[in-house]
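Novice: Shown below is the structure under consideration.
Read-outs: derived from the displayed coordinates by stated rules, not from any lab. Since the model is a prediction, treat every value here as computed from it, not as a measurement. Note that each Cβ is placed from the backbone with ideal geometry, even for glycine, and that neighbours are counted across all protein chains shown.
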Amino acid sequence: MHRNQISKAAFSLFLALVLLCSVCSSALGSTLADAYASAQRFSRTDLSAFDTVITLVAFAPDQASFDRAADRAFEKIQLLDHIFDGYNAYDDLHNLYYVNLHAAHAPVEVPDDLFQLLSWCKEQWAAGRRETNIAMGAVLSLWHEYRTAGALHPEEAQLPPMEALTAASQHIDFDNVVLDAEKQTVFFSDPDLTLDIGAVAKGYAADAVGRILYEDMPSFLLSLGGNVYAGNAPLDGRSNWAVGVQNPDVTQNGTLDILDVHDKTVVTSGDYWRYYTVDGQRYHHIIDPETLMPSRKMVSVTILCESSILADFLSTALFVLPYEEGRQVADSLDGVEVMWILPDGSIHFTDGMKDYARSMKKPA
Ligand code: ADP
Ligand code: MG
C-alpha cells in the first residue's frame, strides 16, 4: 500500500459506520445471558496499515482480554500490510513489491497469504470474471502516477496519454501470471506485466483477521476502510451491527442507508474516495479494463456476503459493469446481495437486501 496521507475518503467511511442499532426482544438462554452480563464493549483505532483507518469494536469480558485479542488481530493486519505492499521492501520478505521487481526473471517463492490471494483471483479469471483484473498493474500504475502528481499540483493535473495506456494494456493478461502451487511460486511470462492487488487486498485481510477474531472474541465489528466485517451480534441486547452506507455526496457526510448485519461482510467501492481533477472533471481510481479509463457507470456499489475477498472483488467488478449485467451476476450468486447507486441518483437493490437494508424494511 502506498503511504500517502490518510484520505478524506477513509474518514468519511469511518464516520459512516453507525454502531448503534435495533434492540433484540427475544428471550436469552442462560449462557448467552451470562455473556451479556459480563461482556463490555471495547474499541481500538489504527492508522498504520493499508493506507486507511482501521477500527475494531468488540465485546470482551475485560480490557486485558480485549487487548490480547486485538493485539493478535492487529499483528496480522501489520503482517498482511507488509506482504501486500507494492511500494516498499521489508528485509527479506517476498512481498508484492519484491514480486513485481523479480518475478519476470525467475519464479519467486511467496508467503502463503500472497499465494492464496493470487490463486483465488486466478480462479475468478479462469471462470471468466475479468472486470477485476489484478494483473492490470501496467495500466493502473500509469493512473496512479498521474493521479498522485495531479493531487500534488492540481493546476498541472493531466490525464495519462491514451497511447501510453494502450501500450500498457498489451501487458495485462493474467494468463501470463504463472502460479506453481507445489513450490508456492509466482512467475511472469510477460516481463512488462505487474500486479496491483488494491481491489482485493483489504478483503483478503478482513477475512484473515475475521478468522482470528472469531477464535478469540467473536462478537466484533472490524472496519478496514471500505471493508467492514461483522462477527457475531453485539453482546448488549442488540441483534445486529449497523453498517452505514456512505452518502456519495460527501459534503453531506451522512449515511444513505443502514444495513443490519451479523456474520457478514459489507464492502463498498465508490467514485468519491480516491480521485483527482483535470479540467474541472473528476477522475477516480476504478479503471474499466475495456476503455482503460475510470468507469462512469456507477457512483457506488455495496456488496454484502460472507466472504470479504469476494465482496471486495465484486464491488470493483460491478462498479465497472453496466447495472443490468451486474444484476445478472449478482442474481446468479447465492448469498450475495448488492446495492448500486447510479450517477442519475437512482438506487437499486438485489431482492435479498430487504432483509438487511433499513430503507427496504416495512415500518413495524
Ligand atoms: P478501494 O481501494 O477504494 O477500497 P476498490 O476495492 O474498488 O476500492 O479497489 C480499487 C483499487 O483497485 C484501485 O486503487 C486500483 O489499485 C485497483 N483497481 C482499479 N480498477 C481495477 C480493475 N478494474 N481491476 C483490478 N484492480 C483495479
Ligand atoms: Mg474492491
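Novice: Restricting to the range 71-90, name every residue that is among the small types (G, A, S), more than 14 Å from L224 (Cβ to Cβ) and in contact (Cβ under 8 Å) with a residue 60 or more places away in the chain.
Specialist: Listed by number, the list holds a single entry, G86.
Novice: Let me ask another. Given the residues S219, S189, which is the only one that is more than 23 Å from the chain's Cα centre (by Cα) and either touching a residue at least 40 places away in the same chain (Cβ under 8 Å) or away from ligand 1 (no atom under 15 Å from the Cβ) (or both)?
Specialist: Residue meeting the stated conditions: S189.
Novice: Within the range 75-90, can you find the residues that are acidic (D, E), buried (at least 20 other Cβ atoms within 10 Å of the Cβ) and part of a helix (DSSP H, G or I)?
Specialist: Across the range 75-90, the qualifying residue is only D81.
Novice: In this structure, does A135 turn out to be more than 30 Å from F59 (Cα to Cα) and more than 16 Å from ligand 1 (Cβ to nearest atom)?
Specialist: In short, no.
Novice: Separate question: Which one of L93, L101, L117 is part of a helix (DSSP H, G or I) and touching a residue at least 12 places away in the same chain (Cβ under 8 Å)?
Specialist: The unique qualifying residue is L117.
Novice: Tally up the residues in the range 102-132 that are under 16 Å from D190 (Cβ atoms), surrounded by 13 or more Cβ atoms within 10 Å (Cβ to Cβ) and away from ligand 1 (no atom under 15 Å from the Cβ), please.
Specialist: 5
Novice: Which ones in the range 120-170 are assigned to a loop (DSSP other than H, G, I, E, B) and within 16 Å of ligand 2 (Cβ to nearest atom)?
Specialist: Within the range 120-170, the first condition is being assigned to a loop (DSSP other than H, G, I, E, B), and the residues that meet it are 127-136, 153, 157-161.
Passing the criteria: R129, R130, E131, T132, N133, I134, A135, M136.
Novice: Take the residues in the range 52-67 that are in contact (Cβ under 8 Å) with a residue 60 or more places away in the chain and in a loop (DSSP other than H, G, I, E, B); name whichever of them is farthest from the chain's Cα centre (by Cα).
Specialist: V53
Novice: Given the conditions (1) hydrophobic (A, V, I, L, M, F, W, C); (2) more than 24 Å from L117 (Cβ to Cβ); (3) within 11 Å of ligand 1 (Cβ to nearest atom); (4) surrounded by 23 or more Cβ atoms within 10 Å (Cβ to Cβ), which single one is not true for L259?
Specialist: The failed condition is (3).
Novice: While we're here: Taking D260 as the residue in question, decide whether it is away from ligand 2 (no atom under 14 Å from the Cβ), in contact with a strand residue (DSSP E or B) (Cβ under 9 Å, 6 or more places away or on another chain) and in contact (Cβ under 8 Å) with a residue 12 or more places away in the chain.
Specialist: Yes.
Novice: Within the group I212, I197, which residue is in contact (Cβ under 8 Å) with a residue 24 or more places away in the chain, part of a helix (DSSP H, G or I) and under 28 Å from K76 (Cα atoms)?
Specialist: I212
Novice: Being within 15 Å of ligand 2 (Cβ to nearest atom) and among the aliphatic types (A, V, I, L, M) is the requirement here; does A357 meet it? Steps first, answer last, please.
Specialist: Working: within 15 Å of ligand 2 (Cβ to nearest atom): no; among the aliphatic types (A, V, I, L, M): yes.
No, not satisfied.
Novice: Related question: Here are the criteria: (1) in contact with a strand residue (DSSP E or B) (Cβ under 8 Å, 6 or more places away or on another chain); (2) more than 15 Å from ligand 2 (Cβ to nearest atom); (3) farther than 19 Å from G225 by Cβ. Tell me which single one V278 does not satisfy.
Specialist: With (1) in contact with a strand residue (DSSP E or B) (Cβ under 8 Å, 6 or more places away or on another chain); (2) more than 15 Å from ligand 2 (Cβ to nearest atom); (3) farther than 19 Å from G225 by Cβ applied to V278, the lone miss is (1).
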